[in-house]
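The structure under discussion appears below in the form of structure tokens.
The values are calculated or read from the model by the stated rules, or taken from the named source; none is laboratory data. Everything numeric in this text was worked out from a predicted model, so none of it was measured. Every residue, glycine among them, receives a Cβ derived from its backbone with ideal geometry; neighbour counts consider all protein chains shown.
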Amino acid sequence: MTYQTIEVETRDGLCFVTQNRPDRLNARNSQMYAEMIAAFEEANEDDAVSALVLTSTGDAFCSGMDFKNEYRQAYTVLPGDSERVAAVKSEFFADDALAAVVGLAKRFVQAFIKFEKPLVAAVNGAAVGEGFSSILHCDLIYTTPNAYFWAPFARAGAAPEFCATILAPRRLGPTVANAAIYFARKIDAHDARAAGFVLEILEDNDFLTQVESRLQEGLALAGPPELRASTLKSFRALVYSAEERERLIAHADREFDLVQQRVALGETEQVRKYYAAQLPG
């Protein structure tokens, strides 16, 4: 299956989903949302996949949502879209473009929450905005030495997303999380590892190869290959119960409500104009 904004490859039980918009620092647009939803759903259903690894090409992991996003990508089937990507887009309609974009973004968040197998993030550079908050849903995080995490939600005129206000305190501890959410404190790879958020910092050279090697060592202890996916899925169901998933989905909806309120009040545009004047270029 081919994609326009990501690359997907499954080998030896691992599904690698690689964000591939290096010219935009892997900022996510509606096309990437639809494609990543499709890739997550495919991996979730594939018995040959025991775990999913999310990573990126280029020097940045993900710079957040692309503010140059084209709304029509949320509901327009493009040449080359797979049947599953087209099916995702078919849930939304052109007569309300904003609702389509928000609806697709909600589906994107839910793709992380509902994923039933271990999620691993191989963070090769800056993880900004939702690039950071989305991987709060990952079970294991590896980084390169230059990686960092940054959540300037207020500066974007947005709001915390991906259940960051619930998950960040759990993953980073309340003090570090509060500094990140309220005051946009950058967290470098070493501080993230000290907080227990990052499992291991690996060298830039052959970074993904090192991640894969470590995961394969773990998979080798997860039983015979034909049982690994079901075994790990059953384990993750204990870590993230159905009730917990529903709570997270409801919380994510409240986050989207706050974003829409800020847009409706004109606050988002006011913030962006302010920073356009303060930070020209």
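Only one of these conditions is not met by Arg11: (1) of a type in the set (Lys, Arg); (2) under 28 Å from Glu226 (Cα atoms); (3) touching a helix residue (DSSP H, G or I) at 6+ places or on another chain (Cβ under 7 Å). Which number is it?
(3)
Taking the stated definitions as given, is Ala154 surrounded by 19 or more Cβ atoms within 10 Å (Cβ to Cβ) and either in contact with a strand residue (DSSP E or B) (Cβ under 8 Å, 6 or more places away or on another chain) or within 24 Å of Gly266 (Cα to Cα) (or both)?
Here the answer is no, as Ala154 does not meet what is asked.
Hey, Ala179 hits all of (1) assigned to a helix (DSSP H, G or I); (2) free of Cβ contacts under 8 Å to residues at least 40 places away in the same chain; (3) touching a strand residue (DSSP E or B) at 6+ places or on another chain (Cβ under 9 Å); (4) within 21 Å of Tyr142 (Cα to Cα) but one; which does it fall short on?
Going through the list (1) assigned to a helix (DSSP H, G or I); (2) free of Cβ contacts under 8 Å to residues at least 40 places away in the same chain; (3) touching a strand residue (DSSP E or B) at 6+ places or on another chain (Cβ under 9 Å); (4) within 21 Å of Tyr142 (Cα to Cα), Ala179 breaks only (4).
If a residue has to be within 29 Å of Arg236 (Cα to Cα), under 19 Å from the mean Cα position of the chain (by Cα) and among the hydrophobic types (A, V, I, L, M, F, W, C) to count, how many in the stretch 70-114 make the cut?
So the count comes out to 10.
Among the numbered criteria (1) without any contact (Cβ under 8 Å) to a residue 40 or more places away in the chain; (2) surrounded by 22 or more Cβ atoms within 10 Å (Cβ to Cβ); (3) not aliphatic (A, V, I, L, M), which single criterion is violated by Glu83?
(2)
Scan the stretch 203-242 for residues that are under 16 Å from Ala121 (Cβ atoms), hydrophobic (A, V, I, L, M, F, W, C) and touching a Pro at 6+ places or on another chain (Cβ under 8 Å) and report the count.
Matching residues across the stretch 203-242 total 0.
Filter the stretch 141-154 down to the residues that are free of Cβ contacts under 8 Å to residues at least 60 places away in the same chain and not hydroxyl-bearing (Ser, Thr, Tyr), then identify the one that is nearest to Ala111 (Cα to Cα).
Ile141
If you check Gly196, Gly223, Gly157, which single one turns out to be under 23 Å from Arg107 (Cα atoms) and assigned to a loop (DSSP other than H, G, I, E, B)?
Gly157
Could you list, ordered by first residue, the pairs with Cβ atoms under 7 Å in which the first is in the stretch 18-30 and under 20 Å from Leu104 (Cα atoms) and touching a residue at least 12 places away in the same chain (Cβ under 8 Å) and the second is assigned to a loop (DSSP other than H, G, I, E, B) and small (Gly, Ala, Ser), at least 6 apart or interchain?
Sorted first by the residue in the stretch 18-30, then by its partner, the pairs are Arg21/Ala27; Asn26/Gly58; Asn26/Ala60; Asn26/Ser63; Ala27/Ser63; Ala27/Gly64.
I'd like the full set of residues that are at pLDDT 95 or above, closer than 15 Å to Asn146 by Cα and not in a helix (DSSP H, G or I), limited to the stretch 204-220.
The answer is Asp206, and nothing else.
For Leu78, state whether it is out of contact with any helix residue (DSSP H, G or I) (no Cβ under 8 Å at 6 or more places or on another chain) and touching a residue at least 60 places away in the same chain (Cβ under 8 Å).
Considered against the rule, which asks whether it is out of contact with any helix residue (DSSP H, G or I) (no Cβ under 8 Å at 6 or more places or on another chain) and touching a residue at least 60 places away in the same chain (Cβ under 8 Å), Leu78 comes out as no.
Please specify each residue of the stretch 58-80 satisfying the condition of being touching a strand residue (DSSP E or B) at 6+ places or on another chain (Cβ under 9 Å), surrounded by 17 or more Cβ atoms within 10 Å (Cβ to Cβ) and either modelled with pLDDT of 95 or more or assigned to a loop (DSSP other than H, G, I, E, B) (or both).
Ala60, Phe61, Cys62, Ser63, Gly64, Asp66, Asn69
Only residues that are surrounded by 15 or more Cβ atoms within 10 Å (Cβ to Cβ) and in a helix (DSSP H, G or I): list them for the stretch 86-98, please.
Initially, the stretch 86-98 is screened for residues surrounded by 15 or more Cβ atoms within 10 Å (Cβ to Cβ), giving 87-89, 92, 97.
Within the stretch 86-98, Ala87, Val88, Lys89, Ala97 qualify.
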